[in-house]
């Protein structure tokens, strides 16, 4: 009796990006200006992550759903799809003395300096010094890419079930 190879839907379904799949891909993120922020292919090392593991924002993961190994795509990502709109409410004023206590070394306070603050749950939240007004320091807690339009390019190398993924050391 000859083997029936006509129904490959079960096999193909395992190769499509969906929840709980491990994905190996090259990706690049760039600003509208063309400035490249990250490019795994340029670094010579693909990214490996599982859909839903939190390594990529869910909106970026959603762009990958349905793709499979060999697919290449470019996506225009709006602020709403990416890191949100820039919001003035995410800027706060602190005394210079308080901000200086958040800097672990003798680094001078300058506009653009990233400073780590402790949130109510004990986690660290980065903020960027935006301005100085007398003895006050304005700190921006927006994501650095908030309000930015991005280009997200992907080249899918491999898709596997988490349980089938082989880890190379």
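Values quoted throughout were computed directly from the atomic coordinates according to the rules given, and no laboratory measurement underlies them. Source: prediction; values computed, not measured. Here Cβ is always computed from backbone atoms with ideal geometry, including for glycine, and neighbour counts include all displayed protein chains.
Remark: the Cα gyration tensor places region 27-70 in the prolate category, a/c being 1.5 or greater and a/b exceeding b/c.
Distance from the C-alpha centroid of region 89-149 to that of region 28-80: 28 Å, rounded to the whole angstrom.
With a cut-off of 8 Å between alpha carbons and a minimum separation of six or more residues, what is the relative contact order of the chain in percent? The normalised contact order for the chain reaches 34 percent. Compute log10 of I(q)/I(0) for the chain with the Debye formula, placing one identical point scatterer on every Cα and leaving out solvent, at q = 0.11, 0.12, 0.19 Å⁻¹, to two decimals. Values, matching the q order: -0.64, -0.73, -1.18.
Each Cα pair under 8 Å and six or more residues apart adds its separation to the average, and for region 22-106 the resulting relative contact order is 19 percent.
Based on other C-beta atoms within 10 Å, arrange 22, 74 from fewest to most. List each step's numbers first, then the result.
On the way: 22 20, 74 10.
Lowest count first: 74, 22.
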